[in-house]
Amino acid sequence: MPKSISKSTAKLLKDITGESDLDLAMRSTLKDALEHRLERIAREEKEFREKYGMGFEDFEEEWNHGGIENRYSYDVESDYWEWEGLKTRREKIEEALKWLP
């Protein structure tokens, strides 16, 4: 499954990471990108926690039991799906980071 990458891309990866080994350079770059994405997700999740005054697990529980006002309005339902997506992506990224050195 490995695909080759151009020499210029390999050089760039090595240069920006300071790694002489291409695999390590790619892993380092991937790790940095995932950590950056986690920071962005954390900011977005914080906005939802502040907006609704609770974390997603509590929001979902309230949602399922009819405790969220206007839960089927476009805005609230969109927030639910977006927040759930953020949670899912965060969990996948956290799991992926366990496999990177």
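Derivation of every value follows stated rules applied to the coordinates shown; laboratory data play no part. The structure presented is a predicted model; accordingly, all values stated were derived computationally and were not measured. Because the Cβ atoms are built from the backbone with ideal geometry, glycine has one as well, and the counts that use them run over all protein chains shown.
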Alpha-carbon centroids, the range 14-50 and the range 63-101: separation in whole Å: 21
Average silhouette area of the chain, convex hull of alpha-carbon atoms, in square nanometres: 8.9
Row for the range 27-85, column shape: gyration tensor on C-alpha, a ≥ b ≥ c, rounded if a/c < 1.5 i.e. under 1.5, prolate if a/b over b/c, else oblate; value prolate
Kindly state, to the nearest 0.05, the FRET efficiency for Glu82 paired with Asp15, given R0 = 30 Å and r defined as their beta-carbon distance. 0.25
